[in-house]
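Nothing in this text is a laboratory measurement; each read-out follows from the coordinates by a stated rule. Remember, it's a predicted structure, so these values are computed and weren't measured experimentally. Here the Cβ positions follow ideal geometry from the backbone for every residue, glycine too, while neighbour counts run over all protein chains shown.
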Amino acid sequence: MSPGHPVEVDKLFGDYPLDHAFDEMREADGTLRQHYRALAETLARLPQEELQRRKQSAELSFLTQGITFTVYGREEGTERIFPYDLLPRLITAQEWNRIERGLTQRITALNLFLRDVYSEGKILNDRVVPRELVHSCKHFRRQMRGLQVPRNVYIAVVGSDLLRMDNGEFVVLEDNLRVPSGVSYMLANRRVMKRTFPQLFQSYGVRPIEHYPQLLLATLRSLAPEGRPEPNIVLLTPGVFNSAYYEHTYLARQMGIDLVEGRDLVTHDNIVYMRTTDGLKRVDVIYRRVDDDFSDPLVFRADSALGCAGLFNAYRAGNVTVTNAFGTGLADDKALYAYVPRIIRYYLDEDAILPNVETYLLTEEQERRHVLANLEKLVVKAVGESGGYGMLIGPHSTARQREEFARQIEANPRNYIAQPTLDFSRAPCLVGDRLEPRHVDLRPYILFGDKVNIVPGGLTRVALEKGSLVVNSSQGGGSKDTWVLESQ
Amino acid sequence: MLSRVADSLYWMSRYLERAENTARQLDVTMSLMLDTAGASAESRWKRLVAALGDPQGLDWNGDLDAMAYTLVFDSLHPASVTFAVNAARENARQVREEISTEQWQRLNRLYHHMHSQLALSQSRSSMADVLAGVVDGIHLFKGVTDTTMIHGQGWHFIRLGRYLERAYATATLLEVFQPELFQTPERDDSGYQYLEQVGLLRCCTAFEAYCQVYTADLTRDRILEFLLLNRDFPHAIRYSVDGIRQAVTAIQRTGARRPPDELTAGIGRLHAMLDYTSIGEILAGDTARFLHTIREQCLRIHELIYSYYIHYSIQSALAV
């Protein structure tokens with residue numbers, strides 16, 4: 001191992017492997033990155049038992065706080081703690097600065113794009129984005145055409161997924177413009193982390209994130225309909241069986257707003273009310289954590305009981321703000337994703353600060369042929385899905401799975417895109433009594449009301465299984481606290 | 001406050017009160033069974049089941065440990081302690097944003113304890129320890145509720161649920177015990193009757209409180225008077241009904257609507273009945289009937305609260 005480390009640090013690493021993927025903690029030659037040095041030394045100084053004790057106490061704290069999520073498709077034990085890794089992921093002020101500028105640019109452009117597509121459609125007329133691609137999108141909502149959205153903000157709450165490539169640059173893997181979740185884990189991780197490593201935290205100078213609920217509330221308030229100076233803001237949840245229910249309750253409590261379900265709401269004369277013990281009370285802003293499809297049975301899926309009948313008409317009449325707006329999933333469609341750099345250039349006349357991942361559109365004859373010939377090297381994704389569902393990871397797939405996907409691609413090329421298998425960065429995780437590298441991504445949370453606001457950091461998701469590339473919590477992923485450091 | 005939230009807080013509280021009541025009664029019954037000469041285990045078990053409101057599937061089968069296990073741990077049995085704790089937690093989970101973190105953690109701990117190996121192995125050595133743990137956990141929850149939750153409408157709905165459940169359960173308990181209490185001779189020096197009477201009081205955690213008021217001289221009239229009409233003891237029916245009245249008054253005060261006369265009158269009637277009836281009059285009349293009326297009136301109050309605060313019609317609400 002490399003010189004200059006105390007011997008304990010070497011012991012902690014054991015046979016920690018390094019290869020061409022970017023390691024968050026160590027340079028390619030094995031030396032510690034400057035900003036990770038204090039962390040590694042603190043860890044190395046801690047007796048093993050003490051480290052394990054802190055790990056256990058952190059886990060217990062998640063359990064008693066009831067910070068759990070629900071896994072679909074299992075009868076029993078559906079409520080689980082979100083796996084948590086004890087070591088923070090560090091991001092320097094300089095790195096963060098670039099991420100922040102890049103995301104601000106991207107979200108601004110995507111919001112302009114949504115506004116344009118749902119009104120004049122200039123970008124379509126100018127043939128920068130194919131009309132066909134937009135209108136065939138699963139999440140395109142023609143009901144939104146010509147509808148005036150408060151302050152022209154379609155996407156008030158966004159979570160974009162970033163990866164760090166082998167050259168150390170961050171790229172955007174996808175944007176979540178519908179109902180991104182996970183922000184409560186970001187906040188819970190920080191709370192637990194401060195308790196687990198108080199001195200380390202203090203010595204690092206970490207930028208705070210705890211004010212996120214307050215920023216969210218201010219964002220929602222800024223979007224209230226005209227003439228409602230004291231808006232009644234609520235959070236609409238699908239209910240206790242939703243996988244992110246914990247988060248809904250957490251945010252509602254932290255913001256001091258009511259958490260409502262569809263059955264609490266009624267509409268009358270295009271005004272939305274909630275049923276209270278005091279009779280009906282008017283609702284002005286709805287922070288919606290229910291998908292478009294389930295929001296209003298009169299306009300979207302008629303068989304859904306999760307939403308509120310008449311909600312869309314009240315929204316259209318301007319009597320209630322619903323955010324994010326309906327139909328925003330259009331802009332996080334994985335096929336449209338390939339056009340985001342062009343979208344940024346079109347509206348802002350700038351180059352994208354954060355690059356995209358190379359993406360093959362399977363509707364293009366040539367690209368499709370290339371993809372079908374190279375399935376075992378590529379990742380194929382269904383365009384309208386999220387949460388790691390509907391994915392083929394080429395190198396980890398069987399011949400049979402590849403055949404199945406090839407057939408589906410031929411049958412419906414619009415429904416899929418392909419990307420190279422990404423060797424994104426790895427960060428050290430505490431596995432047993434050793435540090436081992438695991439793949440991580442980063443999901444910062446972006447708020448867009450009066451202006452774009454990003455709390456420094458976000459949720460670092462970890463593919464806890466060795467060698468795995470899938471970080472989604474529904475597929476066995478975990479998370480880490482993310483420390484954005486103050487500039488020196 | 002959202003009607004659904006009020007509903008959940010109310011039931012969370014009722015279920016916890018129910019869990020506590022069941023745990024305590026089972027504990028008392030099992031301890032009484034140790035003195036086999038007084039009455040058979042079977043008759044005591046039947047009395048317990050009757051006092052719990054005659055739930056199905058708890059017929060005596062001779063295996064006390066197995067039956068007690070069912071009554072405590074069978075999460076599918078609606079009368080079990082675990083069922084009630086689960087239901088309380090599920091209600092709390094649905095209004096997680098309304099209760100304090102301390103409340104939630106306290107309740108969550110109780111829930112996880114009931115499902116832990118520790119509780120199971122403890123039950124094999126001493127069911128009494130398990131039951132004491134449940135009662136402790138619920139007491140702690142109540143303490144945390146009073147000290148960490150804002151005393152607004154939600155808190156009053158919690159109190160409402162607690163006292164309504166308690167008044168109802170105590171009335172049921174007395175209705176079941178009352179024939180036995182009066183069939184046996186007033187003075188019995190064998191000590192068995194004393195044990196039974198202490199048992200009844202302990203079912204309501206009332207033994208020490210009773211002694212403070214009347215000394216350890218136990219008489220059936222006084223026991224009945226204490227559990228029915230004492231105005232200062234929290235498990236007495238009169239105190240509980242007073243609690244119901246205070247909670248509903250407070251809910252009305254924080255709300256903007258005028259409640260229906262029927263609800264105010266219903267609670268007032270029950271309250272007055274307990275205020276202005278002496279134990280002599282109750283004993284001279286039909287005691288069982290009297291106790292039964294209390295239960296009926298509790299049910300009626302529950303229905304009125306529901307139709308006014310929780311399940312009101314939209315049309316009537318829009319008309320206001």
Note to self: Between B:Glu42 and B:Gln122, what's the calculated FRET efficiency when r is the beta-carbon distance and R0 is 25 Å? Round to 0.05.
What the structure shows: 0.45
Checklist line | Charge dipole (debye, nearest 20) of the protein assembly as shown; +1 at Cβ of Lys and Arg, -1 at Cβ of Asp and Glu | finding: 1760 debye
Next item on the list: Give me the distance between the Cα centres of region A:345-392 and region A:86-135, rounded to whole Å.
Entry: 16 Å
Note to self: Just want the answer: with Cβ charges of +1 for Lys and Arg and -1 for Asp and Glu, which residue in B:Ala68, B:Ser190, B:Leu16 is farthest toward the dipole's positive end in chain B?
What the structure shows: B:Leu16
Checklist line | Amide proton proximity set for A:Glu174, modelled H, under 5 Å, gap of 5+ | finding: A:Asp161
Notebook entry, point to check: Expressed as an acute angle from 0 to 90° and rounded to the nearest 10, what is the orientation of the C-alpha long axis of helix A:48-64 relative to the principal long axis of chain A?
Noted result: 20 degrees
Notebook entry, point to check: Taking the Cα centre of the protein assembly as shown as the origin and placing charges on Cβ (Lys, Arg +1; Asp, Glu -1), which of A:Leu430, A:Val266, B:Leu218 is farthest toward the positive end of the dipole?
Noted result: A:Val266
Next item on the list: Counting helices only, and only those DSSP H runs with n ≥ 4, report the 222 nm mean residue ellipticity of chain B as the sum of -39,500 (n - 2.57) divided by its residues, in deg cm²/dmol to the nearest 500.
Entry: -24000 deg cm²/dmol
Notebook entry, point to check: In peptide A:247-260, how many Cβ atoms from other protein chains are near each Cβ within 10 Å, on average?
Noted result: 3
Next item on the list: Just check region A:360-420 against the gyration tensor rule for me: Cα atoms, a ≥ b ≥ c as the square roots of the eigenvalues, rounded for a/c under 1.5, and otherwise prolate or oblate depending on whether a/b exceeds b/c.
Entry: rounded
Next item on the list: Subtract the Cα-Cα distance of A:Gln214 and A:Arg191 from 0.36 nm times their separation in residues, and report this length gain in nm to one decimal.
Entry: 6.7 nm
Item checked: Beta bridge orientation in chain A: antiparallel %, DSSP, nearest 5 -> 75 percent
Checklist line | Paramagnetic reach from A:Arg101 (point 7 Å along Cα→Cβ, amide N under 19 Å) across region A:341-361 | finding: A:341-342, A:344-356
Note to self: Counting other C-beta atoms within 10 Å, and keeping those with at most 13, which DSSP coil chymotrypsin sites (Phe, Trp or Tyr not before Pro) do you find in region B:1-35?
What the structure shows: none
Next item on the list: Would you please give the FRET efficiency between A:Asn412 and A:Ala21, computed as 1/(1 + (r/R0)^6) with r the Cβ-Cβ distance and R0 = 35 Å, to the nearest 0.05?
Entry: 0.60
Item checked: Phi-based couplings in Hz for region B:307-317 (Karplus 6.51, -1.76, 1.60; Gly and Pro marked x) -> 6, 9, 9, 9, 10, 6, 7, 4, 4, 5, 6
Next item on the list: Per residue of A:266-277, count partner chain C-beta atoms within 10 Å of its C-beta, then hand back the mean as an integer.
Entry: 5
Margin query: For a protection proxy built on the mean count of beta-carbon atoms within 10 angstrom, sort B:68-77, A:150-159 highest first, please.
Written below: A:150-159, B:68-77
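Quick one: putting +1 on the C-beta of Lys and Arg, -1 on the C-beta of Asp and Glu, what dipole do you get for region A:360-420 around its Cα centre, in Debye to the nearest 20?
The dipole magnitude comes to about 80 debye.
Please work out whether region B:161-215 counts as rounded, prolate or oblate from its C-alpha gyration tensor, where a ≥ b ≥ c are the square roots of the eigenvalues and a/c under 1.5 means rounded, while otherwise a/b larger than b/c means prolate and anything else oblate?
Details: a/c = 2.88, a/b = 1.51, b/c = 1.91.
Taking the square roots of the gyration eigenvalues as a ≥ b ≥ c, region B:161-215 is oblate.
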Item checked: Per-residue ³J(HN,Hα) for region A:146-157, Karplus 6.51 cos²θ - 1.76 cosθ + 1.60, θ = phi - 60°, Hz, x for Gly and Pro -> x, 8, 7, 9, x, 6, 6, 9, 8, 10, 7, 10
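Note down the net charge around A:Thr321, summing +1 for each Lys or Arg and -1 for each Asp or Glu among other residues with Cβ under 13 Å from its Cβ.
+4
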Checklist line | Principal-axis tilt of helix A:245-255 within chain A, Cα atoms, nearest 10 degrees | finding: 80 degrees
Check: Against the longest principal axis of chain A, how steep is helix A:399-411, in degrees 0 to 90 to the nearest 10, with axes from Cα atoms?
Finding: 30 degrees
Notebook entry, point to check: Of the residues B:Val95, B:Val49, B:Val81, which exhibits the maximal mean-square fluctuation in a Gaussian network model of chain B defined by a 10 Å Cα contact cut-off?
Noted result: B:Val95
Notebook entry, point to check: Using the reciprocal of the averaged 1/r over all distinct C-alpha pairs, how large is the Kirkwood radius of region B:1-149 in Å?
Noted result: 16.0 Å
Note to self: Using the Cα centre of the protein assembly as shown as origin and beta-carbon charges of +1 (Lys, Arg) and -1 (Asp, Glu), tell me which of A:His211, B:Leu34, A:Gln366 is placed farthest towards the positive end of the dipole.
What the structure shows: A:Gln366
Margin query: Report the Cα centroid-to-centroid distance between region A:398-451 and region B:216-262 in angstrom, as an integer.
Written below: 61 Å
Next item on the list: State which entries of A:Lys55/A:Lys334; A:Lys194/A:Lys377; A:Lys11/A:Lys194; A:Lys11/A:Lys381 exceed 30 angstrom in Cα-Cα distance in the structure shown.
Entry: A:Lys55/A:Lys334; A:Lys194/A:Lys377; A:Lys11/A:Lys381
Checklist line | Over chain A, volume per residue of the alpha carbon convex hull, in Å³ | finding: 162 Å³
Next item on the list: Read phi for every residue in region A:333-339 and hand back ³J(HN,Hα) as whole Hz from Karplus 6.51 cos²θ - 1.76 cosθ + 1.60, θ = phi - 60°, with x for Gly and Pro.
Entry: 4, 6, 7, 5, 3, 4, 8
Notebook entry, point to check: Scanning chain B for helices, which whole DSSP H stretches are 27 Å or more long along the axis (Cα) and average 0.5 or more by Kyte-Doolittle?
Noted result: B:127-148
Notebook entry, point to check: So, counting K/R as plus one and D/E as minus one, what does the shell of residues with Cβ under 13 Å around B:Leu16 add up to?
Noted result: +4
Margin query: Test of understanding: in a Gaussian network model of chain B with alpha carbons linked when under 10 Å, which of B:Gln56, B:Gln246, B:Gln183 would top the mean-square fluctuation ranking?
Written below: B:Gln183
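Would you kindly work out the equivalent ellipsoid of chain B from its C-alpha gyration tensor and give its semi-axes, the square roots of five times the eigenvalues, largest first in whole Å?
32, 26, 16
Given the rule -39500 (n - 2.57) for each run of at least 4 DSSP H residues, summed and divided by the residues of chain A, what is its mean residue ellipticity at 222 nm, to the nearest 500 deg cm²/dmol?
Dividing the helical sum by the residues of chain A leaves -9000 deg cm²/dmol.
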Note to self: So if I take the centroid of the Cα atoms in region A:271-336 and the same for region B:130-202, what is the distance between those two points in Å?
What the structure shows: 46 Å
Check: Which residues make up the longest stretch of chain A clear of GluC sites (Glu not before Pro) that lie in a DSSP loop with no more than 15 other Cβ atoms within 10 Å, not counting the sites?
Finding: A:227-349
Next item on the list: May I ask you to list the GluC sites (Glu not before Pro) in region B:96-191 that are in a DSSP loop and have at most 13 other Cβ atoms within 10 Å of their Cβ?
Entry: B:Glu186
Checklist line | Convex hull volume per residue in cubic angstrom - Cα atoms of region A:407-455 | finding: 179 Å³
Checklist line | Under 5 Å, built H, 5+ apart or other chain: amide partners of A:Val379 | finding: A:Gly394, A:Gln419, A:Thr421
Next item on the list: Please give the average number of partner chain Cβ atoms lying within 10 Å of the Cβ of each residue in B:92-104, rounded to a whole number.
Entry: 5
